[in-house]
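First up is the structure itself, then whatever we jot down about it.
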Amino acid sequence: MKAEIAKAVEQLKAGRLVAFPTETVYGLGADASNAQAVARLYAVKRRPADHPVIVHFDAADRAFTWAREAPEAARTLAKRFWPGPLTLILKRSALAKDFITGGQDNVGLRVPSHPVAHELLASFGGGIAAPSANRFGLVSPTTAAHVRADLGADVDLVLEGGPSEVGIESTIVDLSRGEPVVLRPGKIARADIEAALGRPVSEKAEDVPRHSGGLERHYAPRTPARLVPVHELDREIARLKDKVAVLAFSRPDERVDYWLRMPRNPQAYARKLYAALRELDSASCETILIEVPPSAPEWAAVLDRLRRACGTAVT
Ligand code: TXA
Ligand code: MG
């Protein structure tokens, strides 16, 4: 791994793109201080230029140099959850240029816990801009093979780090506007943030700041997908003439062409989710039916990703 990391650092310094594992999903990394490298990152992602990208660091101290203010709440959350699957939105310092923030006055900062990510970031010694290593709007990769399948020759190097343990993207907490707001739910739940801060935290005010994960259809397979309550699953299967793929807790139904059974534990479900959506997407079915998970708070992050997966189909 040492030699691979050294090669990756060399590539990043030369303005190239390196995909690397994190505990949430794989990221597509570029030197966050290099405008050309970030421009190429956006081109490969096919991401609109006014969408901000998260900057990754090896440690909180380094991360906070990219913010002009690190309020106490930020220090508290960093101490409690970094390294780990949490992104903090803070007012930017001069280090965070417009090409990273989409022109906004704040910046997304994250310190991942995956050992390969950590080693890469520590050896690189600066900020690495990294969105999930998939094309814009599609399902995030949780293995190096997913990255290669999605991006092919567009990525200069892919670091191997096994399947991502969390499986869905980091929790995003906006601390740039006074009151903390959860912009994207993740493994770290709103209740965990509230417990750490000792006060109530609200969830996503839809208006500002803009973030691409907030778009209607995101993290989505190509095959049209629909959430179906368990008591309607049977009727839907009977009604549909299409070739159907199902993602469910329940046992396979023999009328269904492709059935994937998911765990009843939300963490285990999240870990498998994107690989499962990819698998169903490649089963050449016309419709994906997804059994609705429980509406308990521990399912919030999974439910959020499932809802996004069920937006209007991308053609
Ligand atoms: O778990 C993760 O966060 C992964 C891994 C690779 O770290 N990264 C990730 O990045 O999910 P991406 O770019 O696919 O999603 C980041 C989300 C987007 O919705 C982006 O718009 C939002 O974070 N974001 C980044 N900077 C922001 C900012 N300054 N203000 C508001 N939202 C921001
Ligand atoms: Mg993404």
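Scanning region 68-91 turns up no residue that is open to solvent by 30 Å² or more (accessible area, probe 1.4 Å), more than 20 Å from the chain's Cα centre (by Cα) and within 22 Å of Val9 (Cβ to Cβ). From the list Glu10, Glu23, the one residue that fits, being acidic (Asp, Glu) and away from ligand 2 (no atom under 16 Å from the Cβ), is Glu10. Contact map, region 225-239: first residue farther than 9 Å from Ile290 by Cα, second residue open to solvent by 60 Å² or more (accessible area, probe 1.4 Å) and in a loop (DSSP other than H, G, I, E, B), Cβ cut-off under 7 Å, separation 6 or more or different chains; pairs are Ile237/Arg255. Only residues that are open to solvent by 30 Å² or more (accessible area, probe 1.4 Å) and modelled with pLDDT of 95 or more were counted in region 274-292, giving 4.
Test Gly178 against the stated conditions and say whether it is at pLDDT 95 or above and either in a loop (DSSP other than H, G, I, E, B) or outside the structural domain of Pro85 (by TED's automatic domain parsing) (or both). For Gly178, the condition - at pLDDT 95 or above and either in a loop (DSSP other than H, G, I, E, B) or outside the structural domain of Pro85 (by TED's automatic domain parsing) (or both) - is not met. Remark: pairs (first residue in region 1-20, assigned to a loop (DSSP other than H, G, I, E, B); second residue hydroxyl-bearing (Ser, Thr, Tyr) and open to solvent by less than 10 Å² (accessible area, probe 1.4 Å); Cβ separation under 6 Å; 6+ apart in sequence or on different chains) are absent. Please work out if Glu254 is without any contact (Cβ under 8 Å) to a residue 60 or more places away in the chain, surrounded by fewer than 19 Cβ atoms within 10 Å (Cβ to Cβ) and either within 18 Å of the chain's Cα centre (by Cα) or under 22 Å from Thr142 (Cβ atoms) (or both). No: the conditions fail for Glu254. Looking only at residues in region 293-315 that are part of a loop (DSSP other than H, G, I, E, B) and crowded, with 18+ Cβ neighbours inside 10 Å, which one is modelled with the highest pLDDT? Looking at residues that are part of a loop (DSSP other than H, G, I, E, B) and crowded, with 18+ Cβ neighbours inside 10 Å, I get Pro293. The listed residues are Arg271, Arg217, and the only one of them that is under 25 Å from Ser282 (Cα atoms), within 15 Å of ligand 1 (Cβ to nearest atom), at pLDDT below 90 and among the charged types (D, E, K, R) turns out to be Arg217.
Yes/no per residue for (1) surrounded by fewer than 16 Cβ atoms within 10 Å (Cβ to Cβ); (2) within 13 Å of ligand 1 (Cβ to nearest atom):
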| site | (1), (2) |
| --- | --- |
| Tyr26 | no, yes |
| Ala37 | no, no |
| Leu41 | no, yes |
| Ala49 | yes, yes |
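Taking region 78-171 and the helices (runs of 4 or more DSSP H) fully enclosed by it, the elements with 2 or more residues that are under 20 Å from Ala35 (Cα atoms) are at 98-101, 115-124.
Taking first residues from region 23-38 that are assigned to a loop (DSSP other than H, G, I, E, B) and partners that are open to solvent by 30 Å² or more (accessible area, probe 1.4 Å), the Cβ contacts under 6 Å between residues at least 6 apart in sequence or on separate chains come to Glu23/Ser113; Glu23/Glu165.
Run down Phe81, Phe20 and say which single residue is in contact with a helix residue (DSSP H, G or I) (Cβ under 6 Å, 6 or more places away or on another chain) and within 14 Å of ligand 1 (Cβ to nearest atom). If you could, list the steps in order and put the result at the bottom.
Values: Phe81 fails: in contact with a helix residue (DSSP H, G or I) (Cβ under 6 Å, 6 or more places away or on another chain).
Step by step, each of Phe81, Phe20 is checked, and only Phe20 is in contact with a helix residue (DSSP H, G or I) (Cβ under 6 Å, 6 or more places away or on another chain) and within 14 Å of ligand 1 (Cβ to nearest atom).
The values are calculated or read from the model by the stated rules, or taken from the named source; none is laboratory data. Predicted model only: the values in this text are computed from it and were never measured. Reconstructed Cβ throughout: ideal geometry from the backbone, glycine too, with neighbour counts over all protein chains shown. Ligands, DNA and RNA are stripped out before the accessible areas are found, and what is left, the full protein with its side chains, is counted by its heavy atoms. Shrake-Rupley method; radii C 1.70, N 1.55, O 1.52, S 1.80 Å.
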